[in-house]
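The values are calculated or read from the model by the stated rules, or taken from the named source; none is laboratory data. Note that the coordinates shown come from a computational prediction; the quantities given were computed from them, not determined experimentally. Using ideal geometry, Cβ is built from the backbone for each residue, glycine included, and neighbour counts are taken over all protein chains shown.
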Amino acid sequence: MKNIQKQLSVAAMLLFGLLVVGGFWSCTKDFDEINKNPNGVTADKVDPSFQLTNVMFGTGMDAHIHQRIQNLYCDIFAQYFANEGFSSQQYIPVDGWTNDYWSAGYYNGWVANLNDVVRNEGAKTNKSNSYHIARVYRALVVTRAADLFGDIPYFKAADGSGENPPYDKVEAIYKDLLNELKEASAGLSTGNLNIPANQDLIYHGDVTKWKRFANSLRLRLAMRLSEVDPATAKTHAEEAVAADGGVMQEAGDACVIPKSPSYGWGRDNSYGKYYGWGGMTMSRTMENLMVGLGGIDFPAGYTVDDAGMQLSTSIEHPSDPRANKFRVGVPSKVDPRGPLMFEPTTAANGGGAADVIDGQTVSTIGRWAGIPAGLPSTASGLTQYSNVKYARLGAQYRDPEFDYVMMPYEEVCFLQAEGAYRGWNMGGTAKSFYESGIRASMAKFGLTGAPVDSYLASNDENTYGTTVNYDNNSGKTHLGKKADGKLQKIMTQKYISMFPDGSWEAWNDHRRVGLPIWVAPAAPDAGSVTATDGSPGNFIKRIAYPTVESINNADFYAAAVASQGPDKVSTRLWWDLNVWWDQD
């Protein structure tokens, strides 16, 4: 794959840079007309393939944007990692990070370029595949922003007028994009002028795969409406699965952005950098979900099932079954993906042979445990809460060539499983899609055949009582809610399988249905949550708009806040009904 992308010329890459600086916000109405060169490069004179390639690269996110928006926002909010040492772990966003994404990346870069392609190619009698691909990819880009902020400018965003755009409601955005995806998928054809294979970073000009991605993305967006508008959700989900080309059928259909140091600074996989800075630590949520699940033995050579030392400081959330205990060693049974996602501590990566924990000397080498989310400032400096004393990111995810996955095949399996669970026609049973998703996820770790068969049949329970076997129910509860219902299983497996790049969707799912079970943050900012009981109200609901919006786009910003609710992280989005599922 990467050899194809490396054929991109230096001239093309320079052109990307010129395009990406095209302005979106305008302080002076006539600014864009000043000193315009009639013979210069303008969007309508540029091959749309160049703009699409630029956006594909950009949305894979360079290290600057990736660390702030993917890792320190979404990864933390979804509790793939915890205690990374920034205010976002207390649900306090950093305005500068937010503005970088909102202005330089999202609007001025990605949406502006995609809208150029849609306008210019859409004006032609014979529409190119670039036109339809731009519409598909715009749906991905816009919904990610809408899922972060809520109401955002969409219909008039980067429309070429130079005027400040009004904000549009999430409901209107979603319903329009569902129709956009329907039309774009139908419009894609091998008979159209196609994007050159070496400029299509994702599918290399394969129209069938673009159609499958469009339909799969439509299924994702439809599922987002499951609680707020189930009728619309069902209609679009069923149509997406039945559409020409269908949804993703195999791992090779996944939407993946290639990563490599050869693409320039920050366009390699960035997780390795953060690991080197002492981060990328497994959360307690990840530990609780994977311990015991599937009944597979933890690799030999470690102390197992330590009961834990009671800590004198009780600062962790009381709903966590492992709260305020420091354990050495590893669990005896674990989801087989767990030790590959996160590695036990070693002397080389931070473990100590004689660490002092709460006054007692213990070895923190060979330890596989997760750190609680949202720890208070009083935890800072305590050895028992040092990130490097906990399980941290596995080697495969630290590889600079590890690609960025926008939408994996296994996600589509779990979307179909959830749809079938709800009684929608997904072309198969919930159990069959559920098991296909697990098999696809396991295959990424080289796990196939009998071990996976055994895992699928397992009635072994995780920390809460959730099991893998779709037909089993342990009867266990957590905080008064059933822990082993079928939707709980689906969402638990989806959450694990989407690691690490799927934190955007993991956070969305938890806001949408309150599943799977997460450990509530120990000490969130007092104004950022509406509950303290472990329910959905314990978790962040959105990101506040960048401050610059209240200045440069004041009237439309004020209207959006009046419509949606206070510009706070506790304000729920349209599709987030604070549901906490207690299903069969």
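Whether any residue in the stretch 465-473 is touching a residue at least 12 places away in the same chain (Cβ under 8 Å), crowded, with 24+ Cβ neighbours inside 10 Å, over 24 Å from His317 (Cα atoms) and under 24 Å from the mean Cα position of the chain (by Cα) is what I want to check. Yes, that holds for at least one residue.
Could you count how many residues in the stretch 456-492 are more than 19 Å from Gly437 (Cβ to Cβ) and touching a His at 6+ places or on another chain (Cβ under 9 Å)? Adding up the residues that qualify gives 3. The numbered conditions (1) modelled with pLDDT of 95 or more; (2) farther than 22 Å from Ile69 by Cβ; (3) surrounded by fewer than 21 Cβ atoms within 10 Å (Cβ to Cβ) are all true for Gly96 except (2). Across the stretch 333-355, the number of residues qualifying as in contact (Cβ under 8 Å) with a residue 24 or more places away in the chain and hydroxyl-bearing (Ser, Thr, Tyr) comes to 1. On the given criteria, is Ser570 among the hydroxyl-bearing types (Ser, Thr, Tyr) and within 29 Å of Gly370 (Cα to Cα)? Yes.
Of the residues in the stretch 516-558, how many are more than 25 Å from Tyr385 (Cα to Cα), in contact with an Asp or Glu (Cβ under 7 Å, 6 or more places away or on another chain) and of a type in the set (Gly, Ala, Ser)? Going through the stretch 516-558 one residue at a time, the tally reaches 1. Restricted to the stretch 480-584, the set of helices (runs of 4 or more DSSP H) holding at least 1 residues that are in contact with a Pro (Cβ under 7 Å, 6 or more places away or on another chain), without any contact (Cβ under 8 Å) to a residue 12 or more places away in the chain and not assigned by TED's automatic domain parsing to the domain that holds Tyr385 is empty. Of the numbered criteria (1) crowded, with 18+ Cβ neighbours inside 10 Å; (2) in a loop (DSSP other than H, G, I, E, B), the one Gly278 fails is (1).
Among the residues examined, Val228 does not qualify as part of a helix (DSSP H, G or I) and among the β-branched types (Val, Ile, Thr).
How many residues are of a type outside the set (A, V, I, L, M), under 20 Å from Ala417 (Cβ atoms) and in a loop (DSSP other than H, G, I, E, B) when one looks only at the stretch 248-271?
Qualifying residue count for the region: 2.
State which residue is farthest from Ala522 (Cα to Cα) when the search covers only the stretch 300-313 and only residues that are without any contact (Cβ under 8 Å) to a residue 60 or more places away in the chain and assigned to a loop (DSSP other than H, G, I, E, B).
Of everything passing the filter in the stretch 300-313, Ala300 is farthest from Ala522 (Cα to Cα).
Within this structure, Lys259 fails the test of being closer than 30 Å to Tyr385 by Cα and basic (Lys, Arg).
Among the residues of the stretch 232-264, those identified as under 16 Å from Trp210 (Cα atoms), aliphatic (A, V, I, L, M) and buried (at least 18 other Cβ atoms within 10 Å of the Cβ) are Ala240, Val241, Ala243, Val247, Met248, Ala254, Val256, Ile257.
Considering Glu316, Glu287, the condition of being under 27 Å from the mean Cα position of the chain (by Cα) and in a helix (DSSP H, G or I) is satisfied by Glu287 alone.
If I ask for residues that are on the phi < 0 side of the Ramachandran plot and surrounded by fewer than 17 Cβ atoms within 10 Å (Cβ to Cβ), which ones from the stretch 344-362 would you list? Talk me through it step by step, then tell me what you get.
At the first step, the residues of the stretch 344-362 found to be on the phi < 0 side of the Ramachandran plot are 344-349, 351-357, 360-362.
Residues satisfying the conditions are Thr346, Ala347, Ala348, Asn349, Ala353, Ala354, Val356, Gln360, Thr361.
Within the stretch 201-220, can one find any residue that is under 16 Å from Leu178 (Cα atoms), in contact with a helix residue (DSSP H, G or I) (Cβ under 8 Å, 6 or more places away or on another chain) and part of a loop (DSSP other than H, G, I, E, B)? There is no residue in the stretch 201-220 that is under 16 Å from Leu178 (Cα atoms), in contact with a helix residue (DSSP H, G or I) (Cβ under 8 Å, 6 or more places away or on another chain) and part of a loop (DSSP other than H, G, I, E, B). Given (1) within 18 Å of the chain's Cα centre (by Cα); (2) surrounded by fewer than 24 Cβ atoms within 10 Å (Cβ to Cβ); (3) not charged (D, E, K, R), identify the lone condition not met by Gln79. The failed condition is (2).
Identify, from the list Glu227, Glu250, Glu239, Glu287, the residue that is among the acidic types (Asp, Glu), at pLDDT 95 or above and outside the structural domain of Arg68 (by TED's automatic domain parsing). Spell out how you get there, then give the answer.
Working: Glu227 fails: outside the structural domain of Arg68 (by TED's automatic domain parsing); Glu250 fails: outside the structural domain of Arg68 (by TED's automatic domain parsing); Glu239 fails: outside the structural domain of Arg68 (by TED's automatic domain parsing).
Going through Glu227, Glu250, Glu239, Glu287 in turn, just one is among the acidic types (Asp, Glu), at pLDDT 95 or above and outside the structural domain of Arg68 (by TED's automatic domain parsing): Glu287.
Scanning the stretch 516-571 for residues that are charged (D, E, K, R) and crowded, with 23+ Cβ neighbours inside 10 Å returns Lys541, Arg542, Glu549. With respect to the conditions (1) in contact with a strand residue (DSSP E or B) (Cβ under 7 Å, 6 or more places away or on another chain); (2) at pLDDT below 95, Gly276 falls short on a single one, namely (1).
How many residues does the stretch 167-202 contain that are of a type in the set (Ser, Thr, Tyr) and either surrounded by 21 or more Cβ atoms within 10 Å (Cβ to Cβ) or on the phi > 0 side of the Ramachandran plot (or both)?
Just the residues of the stretch 167-202 that are of a type in the set (Ser, Thr, Tyr), to begin with: 167, 174, 185, 189-190.
Among the residues that remain, those that are also either surrounded by 21 or more Cβ atoms within 10 Å (Cβ to Cβ) or on the phi > 0 side of the Ramachandran plot (or both) are: 167, 174, 185.
Within the stretch 167-202, residues that are of a type in the set (Ser, Thr, Tyr) and either surrounded by 21 or more Cβ atoms within 10 Å (Cβ to Cβ) or on the phi > 0 side of the Ramachandran plot (or both) number 3.
Once the stretch 203-231 is narrowed to residues that are surrounded by 24 or more Cβ atoms within 10 Å (Cβ to Cβ), of a type in the set (D, E, K, R) and under 18 Å from the mean Cα position of the chain (by Cα), the residue that is farthest from Gln249 (Cα to Cα) is Arg224. The stretch 356-453 holds helices (runs of 4 or more DSSP H) entirely within its bounds, and those carrying 2 or more residues that are touching a residue at least 40 places away in the same chain (Cβ under 8 Å) and touching an Asp or Glu at 6+ places or on another chain (Cβ under 8 Å) map to 409-421, 430-443.
Given the options Ala197, Ala214, name the one that is in the same structural domain as Ala254 (by TED's automatic domain parsing) and out of contact with any Leu (no Cβ under 8 Å at 6 or more places or on another chain).
Details: Ala214 fails: out of contact with any Leu (no Cβ under 8 Å at 6 or more places or on another chain).
Exactly one residue qualifies, and that residue is Ala197.
Residues of the stretch 118-144 that are more than 18 Å from Lys211 (Cα to Cα) and touching a residue at least 24 places away in the same chain (Cβ under 8 Å): Arg119, Asn120, Glu121, Asn126, Val142, Thr143, Arg144.
Please go through the stretch 243-274 and pick out each residue that is among the hydroxyl-bearing types (Ser, Thr, Tyr), more than 18 Å from Arg68 (Cα to Cα) and touching a helix residue (DSSP H, G or I) at 6+ places or on another chain (Cβ under 6 Å). Spell out the reasoning first.
As a first pass, look at the stretch 243-274 and keep what is among the hydroxyl-bearing types (Ser, Thr, Tyr): 260, 262-263, 270-271, 274.
Applying the additional criterion that residues be more than 18 Å from Arg68 (Cα to Cα) yields 260, 262-263.
Once the filter is applied, which keeps residues that are among the hydroxyl-bearing types (Ser, Thr, Tyr), more than 18 Å from Arg68 (Cα to Cα) and touching a helix residue (DSSP H, G or I) at 6+ places or on another chain (Cβ under 6 Å), the stretch 243-274 yields only Ser260.
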